[in-house]
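The values are calculated or read from the model by the stated rules, or taken from the named source; none is laboratory data. What you see is a predicted model; the values in this text were computed from it and never measured. In this analysis, Cβ positions are derived from the backbone assuming ideal geometry, glycine residues included, and neighbour counts consider all displayed protein chains. For the accessible areas, the whole protein counts, side chains as well, though only heavy atoms, and no ligand, DNA or RNA atoms are used. Shrake-Rupley method; radii C 1.70, N 1.55, O 1.52, S 1.80 Å.
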Protein chains: 4
Amino acid sequence: MSESTATLLVSCADRRGIVAALAQLLYGHDANILDADQHTDARAGVFFQRIRFDTAGLRTDRTTLERGIEEVAERLGMSWRLAYAERVKRVAIFVSRVDHCLYDLLLRHRAGELACEIPLIVSNHPVLEPVAAHFDIPFRVFPISKDTKREQEAREIELLQSNDIDLVVMARYMQVLTEQFGIDFQVFPIDAQNRREQEKRELALLEERAIDVIALARYMQILSEKFLERYPSRVINIHHSFLPAFSGGRPYHQAHERGVKLIGATAHYATADLDEGPIIEQDVIRASHRDSVKELTRKGRDVERVVLSRAVRWHLEDRVLVYGNKTVVFS
Amino acid sequence: MSESTATLLVSCADRRGIVAALAQLLYGHDANILDADQHTDARAGVFFQRIRFDTAGLRTDRTTLERGIEEVAERLGMSWRLAYAERVKRVAIFVSRVDHCLYDLLLRHRAGELACEIPLIVSNHPVLEPVAAHFDIPFRVFPISKDTKREQEAREIELLQSNDIDLVVMARYMQVLTEQFGIDFQVFPIDAQNRREQEKRELALLEERAIDVIALARYMQILSEKFLERYPSRVINIHHSFLPAFSGGRPYHQAHERGVKLIGATAHYATADLDEGPIIEQDVIRASHRDSVKELTRKGRDVERVVLSRAVRWHLEDRVLVYGNKTVVFS
Amino acid sequence: MSESTATLLVSCADRRGIVAALAQLLYGHDANILDADQHTDARAGVFFQRIRFDTAGLRTDRTTLERGIEEVAERLGMSWRLAYAERVKRVAIFVSRVDHCLYDLLLRHRAGELACEIPLIVSNHPVLEPVAAHFDIPFRVFPISKDTKREQEAREIELLQSNDIDLVVMARYMQVLTEQFGIDFQVFPIDAQNRREQEKRELALLEERAIDVIALARYMQILSEKFLERYPSRVINIHHSFLPAFSGGRPYHQAHERGVKLIGATAHYATADLDEGPIIEQDVIRASHRDSVKELTRKGRDVERVVLSRAVRWHLEDRVLVYGNKTVVFS
Amino acid sequence: MSESTATLLVSCADRRGIVAALAQLLYGHDANILDADQHTDARAGVFFQRIRFDTAGLRTDRTTLERGIEEVAERLGMSWRLAYAERVKRVAIFVSRVDHCLYDLLLRHRAGELACEIPLIVSNHPVLEPVAAHFDIPFRVFPISKDTKREQEAREIELLQSNDIDLVVMARYMQVLTEQFGIDFQVFPIDAQNRREQEKRELALLEERAIDVIALARYMQILSEKFLERYPSRVINIHHSFLPAFSGGRPYHQAHERGVKLIGATAHYATADLDEGPIIEQDVIRASHRDSVKELTRKGRDVERVVLSRAVRWHLEDRVLVYGNKTVVFS
């Protein structure tokens, strides 16, 4: 995306003349429309539009342009949001101990697939610090226990704000209240020699303890309501099932139990209702009776990666409009 | 599938020597193994195998062969089932008013894709009679109301038995208890001239009345337990969602409501628990915010067709073993 | 699609103000824009747009509207095409002996998926007449031999014109010059009793003679240049491979020979260069070493059906713009 | 895969009793069959089988077992290959400058998805050394020019042999004869600060020079015949198109030119005929008129990764049998 472009996202009650009003306005400011896509939900009578335009030849300054948009918006009862490509979005990635989504996002970022900066990786566990180091990204650990949750989240919010973060991506971030359940963080110091052995121990522990996660996941929010209010439609989570099937904990175990022939992943905006937020993207992969939970987990990683990265890219390109509990995703 | 083949399906607790015992037995009878596939569920310790062999050069008669299999089976505590290709399976298709799955099965049958005979189409509604006539297949109507359900099912079972039916395929068969809900069968006589108009009226009615189906579908079995006991793992149903998501009625409406990005279909053996039977096959198709319920219904038809026909074909080729509430599907 | 809508397709050299000019024009005539999608080929500097609008509230008559569009078009050097939904397109289907694409199109048409009339089915062979009869559509046979090709085509064009045909769909239409190769049409009279036997004989013959098709397909056009000039970008063909792989004859045999792990189908506008026309849609299905040519053919039928029907639907909805040897397909 | 298992792959002319002979032999040695899959190419009359068995309870030693297999093999005219899981295969990865396939293989390896050791990464360019370092894997650079090709390859073979390498994976390894075409290796020293800028320069250069690759790729082998003779069916290459479409250089450019609606990737065993070797796996992803070559390249990376890693995994699990110019891949 060239740096001299901007993207306007609007929604309003459907009526005659919206498209013309906006096109005329942009033309009047010499903003060349590069791309425009619209959608009308006929049943609800709501109009949505995404317009990407060139700002290089703008006859006026931005304040004037935005004042113009605001005037049209008021006249037509329109919500709008304008993003300039040169204002690169800033993304924080939240992770726990599973690394495949993290690597995937960082590699795509380096390959130029994700138009953003990633100034910060946040975790409740130190194990992925070497990954952050390999990509030269600051890594901050906030261990969370029942008693510190509120306070730690406050610190996280502070950190996000001081870093001007626009989007939080939960790349398999799993917050487990530890003290209450006797699961405290065991630290596994890692170096080149013992890496694989340590990881095996960790995975074994994770597997063993994961049993508690089911119960947890069902009654508590991963992030508190307060946190999410600060970042409405700006926290993307990846859930490793084809929602609404297998919400809650251990979806691959659930899928194995039910004997499904496809497994999936869902990227959605996090809301206070766990796994109930607006869905941005989903995909599936074929499974069979031959697949143990371990195999499903392996296959699932490929889908999780692809689904999460698509959702993040679309968000960064201002293609996603939330609408009730659903999304409009302009292609 | 050539007519001189047979397929043996076995399952038992896993132990050493099963494969050798069966291979040796067949070799001893000069039965050439054409295909063999096996699976072991390591956790449950259960062994499954499918062996397809040539019966053309059998040294002994079938009774002797089967006695031999029974001896091995007793020794190894094995369940088994033997199907000869020359004994072509007989399939009854149950339909209501929606015709795409019916046409699909009949066309595939005529194209030689389904190794079976289809001597019977059963419906609770007369509307699809012309389809049956086009393919020269007897069509029998059993309207079902709350009071006649038990009695009509008894007649259906009788008809199935007198026709030696091996498999029942519910190709969008939807049994609605009518009197209780004031939905009685309206008959729309159809000829070449008025077909489209009549269909529009029917669809409108179906749409309008379908609201009741949700409630119905959730509390009642489509087929009674008694019916299903007669045909255990021999009634295949197509559900128009990716189960366990959107079980119950009106899955495309539910999918639209939730804003999913893929819709699916599931073919499963019917059990007394509606939509909970062992899954044979599933697939999905991409959807977007642009798709109304009508569009989802259109897209879904393509998946339903493909999923149902695969499940039927695999069943007919003796590829499916039910196991707990899951299936092993040999490819 | 409601009857009071119209679709405008335009393309021109990219420049500022096109979107505004068209939106303003339509607004000026009180035409409410329902849907608008655009694409700019940045490298070639070409702009494309599809606008669907409501004509119910048009302040002026159509002639005035069209004069308005023409004025804008002249000013901006724009090509345009306007289609009114109430002018339902008329489609002729060309088939030979293979019926799966024909049934598929006719069933989708009856289910309301294809916004068109189908007043005519044309074949070089009588075998599919009963299918046409089942759907109450006139069926015309034009057997083609080397000597009669020119003359028969002239009659076909005449028939198409007298029927006001807008689109020709070649649903596995295969024109074999018969005399030259000693392949003359064998007629297999069909009734309810002998249908399957006759079909087996036909398929055997088709299989046996198909060997000649390779050579044929490579040197001759399926339809003559003269024919195609009359219907530019209005003849859709289905080729049973993922083009450009396996162009020419017997693609499933070629695919089997090469050992590919996916097989596909391609719907494209027919041009004088066989299998080289602009691609509208493609899809694939998984294959394996287990698939004989017969199995590939069976699997391929599912892809052919879906791909052809999508291409036809998109064409009918005025979503496809041809551009060089490629297409823009508005979603 | 547990360490006490072994996998036997056999092929021979089809005849009665093969399955029984092998099953009996293994049973006689107390080797419990865990998994067995077979395939018969009916047309060619060739039989293939893969048997995975437990060696924990072997009554005899391996030499005796292998002698037993050899006896059966001689009697039945059978080719065979036996791999013990405890003898972990050793893989060398060849790369040039593109890193996505390399990262993917290394991450999957670390996650336990690939049952092998990776003691060596070989490149004709130093740029990916930091990736190897991050995963603690030795990295060796062999720049290749027209004059040094033969000699460098000899050194590579020597290195592979001294490292006991079983499999070579070409993870986007592209050998460009440099001097002849005036393309010499430009070294871009990389550190944390300048990484992105250097990469941009490199990519620009790669893009600019890639024009020559077409010609090159078409007349020369990537690896010499001598090299491939040493590693028959043991060099896996990833080609970034759905072969046989778009063989040769710059497949994404070719795909863009032709306007295809899907792009793909193919993993195959390298042979002296470039892009003509036996195909192990293929997959595709949807594309549209909106995708520039850059977008196709981005999308294609996801398919390349998945396809290459599947092919490597299947090879490592002894699931692939080469047969003529095709493969049998046991699932």
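Tell me which residues, restricted to the range C:272-310, are hydroxyl-bearing (Ser, Thr, Tyr) and within 13 Å of chain D (Cβ to nearest Cβ).
So in the range C:272-310, the residues hydroxyl-bearing (Ser, Thr, Tyr) come out as C:288, C:292, C:297, C:309.
Selection gives C:SER288, C:SER292.
Between residues in the range A:29-47 that are touching a residue at least 60 places away in the same chain (Cβ under 8 Å) and residues that are crowded, with 17+ Cβ neighbours inside 10 Å and of a type in the set (Phe, Trp, Tyr), which pairs lie under 6 Å by C-beta distance while being six or more apart or on different chains?
From the range A:29-47, the pairs are A:ASP37/A:PHE330; A:HIS39/A:PHE48.
Which condition from (1) surrounded by fewer than 21 Cβ atoms within 10 Å (Cβ to Cβ); (2) out of contact with any strand residue (DSSP E or B) (no Cβ under 8 Å at 6 or more places or on another chain); (3) touching a residue at least 12 places away in the same chain (Cβ under 8 Å) is the one that D:VAL127 breaks?
(1)
Could you say whether any residue in the range B:269-280 is buried (at least 24 other Cβ atoms within 10 Å of the Cβ), modelled with pLDDT under 95 and among the hydrophobic types (A, V, I, L, M, F, W, C)?
yes
Of the conditions (1) modelled with pLDDT of 95 or more; (2) open to solvent by less than 30 Å² (accessible area, probe 1.4 Å); (3) more than 11 Å from the chain's Cα centre (by Cα), A:TYR252 fails just one. Which one is it?
It fails just one condition, (1).
Among residues belonging to the range A:42-57 that are aliphatic (A, V, I, L, M) and in contact with a Phe, Trp or Tyr (Cβ under 9 Å, 6 or more places away or on another chain), point out the one that is modelled with the lowest pLDDT.
Of the residues in the range A:42-57, the ones aliphatic (A, V, I, L, M) are A:42, A:44, A:46, A:51, A:56.
Next, from what is left, pick out any that are in contact with a Phe, Trp or Tyr (Cβ under 9 Å, 6 or more places away or on another chain): A:44, A:46.
Working: A:ALA44: 87, A:VAL46: 94.
So the residue we want is A:ALA44.
Look at D:ARG305 and say whether it is under 24 Å from A:LEU308 (Cα atoms), touching a residue at least 24 places away in the same chain (Cβ under 8 Å) and touching a strand residue (DSSP E or B) at 6+ places or on another chain (Cβ under 8 Å).
Numbers: under 24 Å from A:LEU308 (Cα atoms): yes; touching a residue at least 24 places away in the same chain (Cβ under 8 Å): yes; touching a strand residue (DSSP E or B) at 6+ places or on another chain (Cβ under 8 Å): no.
Spelling it out, it is not the case that D:ARG305 is under 24 Å from A:LEU308 (Cα atoms), touching a residue at least 24 places away in the same chain (Cβ under 8 Å) and touching a strand residue (DSSP E or B) at 6+ places or on another chain (Cβ under 8 Å).
Assess whether C:VAL260 counts as being within 18 Å of D:THR266 (Cβ to Cβ) and either of a type outside the set (Asp, Glu) or at pLDDT 95 or above (or both). Working first, answer last.
Numbers: within 18 Å of D:THR266 (Cβ to Cβ): yes; either of a type outside the set (Asp, Glu) or at pLDDT 95 or above (or both): yes.
The answer is yes for C:VAL260.
I need every pair where a residue in the range B:2-16 that is on the phi < 0 side of the Ramachandran plot and without any contact (Cβ under 8 Å) to a residue 60 or more places away in the chain has its Cβ under 6 Å from the Cβ of a residue that is in a loop (DSSP other than H, G, I, E, B) and not aliphatic (A, V, I, L, M), sequence separation at least 6 or different chains.
So the pair list comes out as B:ASP14/B:GLY45.
Please pick out the residue among B:SER288, B:SER292 that is farther than 21 Å from C:ALA111 by Cα and among the hydroxyl-bearing types (Ser, Thr, Tyr). It would help to see each step written out before you state the result.
Details: B:SER292 fails: farther than 21 Å from C:ALA111 by Cα.
Just a single option satisfies the conditions, and that option is B:SER288.
Name every residue in the range D:74-97 that is open to solvent by 40 Å² or more (accessible area, probe 1.4 Å), within 30 Å of D:LEU128 (Cα to Cα) and among the basic types (Lys, Arg), in order of residue number.
Answer for the range D:74-97, where residues must be open to solvent by 40 Å² or more (accessible area, probe 1.4 Å), within 30 Å of D:LEU128 (Cα to Cα) and among the basic types (Lys, Arg): D:ARG87, D:ARG90, D:ARG97.
Are any residues in the range D:8-35 open to solvent by 20 Å² or more (accessible area, probe 1.4 Å) and in a strand (DSSP E or B), and if so, which ones?
Of everything in the range D:8-35, those that are open to solvent by 20 Å² or more (accessible area, probe 1.4 Å) and in a strand (DSSP E or B) turn out to be D:SER11, D:ALA13, D:ASN32, D:LEU34, D:ASP35.
Could you please tell me which pairs satisfy a Cβ distance under 9 Å, a separation of 6+ or placement on different chains, a first residue in the range A:255-284 that is under 20 Å from B:ARG286 (Cβ atoms), and a second residue that is of a type in the set (Val, Ile, Thr) and part of a loop (DSSP other than H, G, I, E, B)?
A:THR266/B:VAL260; A:PRO278/A:THR271; A:ILE279/B:VAL260; A:GLN282/B:VAL260
Of (1) within 32 Å of the chain's Cα centre (by Cα); (2) under 19 Å from D:SER4 (Cα atoms); (3) at pLDDT below 95, D:THR60 satisfies all except one. Which?
Evaluating D:THR60 over (1) within 32 Å of the chain's Cα centre (by Cα); (2) under 19 Å from D:SER4 (Cα atoms); (3) at pLDDT below 95 leaves (1) as the failure.
If I ask for residues that are within 18 Å of B:TRP80 (Cα to Cα), aliphatic (A, V, I, L, M) and more than 7 Å from every other protein chain (Cβ to nearest Cβ), which ones from the range B:27-56 would you list?
Scanning the range B:27-56 gives B:ALA31, B:VAL46, B:ILE51.
The conditions are (1) farther than 19 Å from C:ASP30 by Cα; (2) open to solvent by 10 Å² or more (accessible area, probe 1.4 Å); (3) not hydrophobic (A, V, I, L, M, F, W, C), and A:THR5 fails exactly one of them. Which is it?
Single failed check for A:THR5: (2).
Looking at D:GLU71, is it open to solvent by 20 Å² or more (accessible area, probe 1.4 Å), more than 8 Å from chain B (Cβ to nearest Cβ), in a helix (DSSP H, G or I) and not polar (S, T, N, Q)? Spell out how you get there, then give the answer.
Details: open to solvent by 20 Å² or more (accessible area, probe 1.4 Å): yes; more than 8 Å from chain B (Cβ to nearest Cβ): yes; in a helix (DSSP H, G or I): yes; not polar (S, T, N, Q): yes.
In short, yes.
In this structure, is B:LEU308 crowded, with 22+ Cβ neighbours inside 10 Å and more than 13 Å from the chain's Cα centre (by Cα)?
no
Testing D:ALA245 on (1) facing another protein chain (nearest Cβ under 9 Å); (2) buried (at least 23 other Cβ atoms within 10 Å of the Cβ); (3) small (Gly, Ala, Ser); (4) under 30 Å from D:ALA85 (Cβ atoms), one condition comes back false. Which one is that?
D:ALA245 satisfies all of (1) facing another protein chain (nearest Cβ under 9 Å); (2) buried (at least 23 other Cβ atoms within 10 Å of the Cβ); (3) small (Gly, Ala, Ser); (4) under 30 Å from D:ALA85 (Cβ atoms) except (4).
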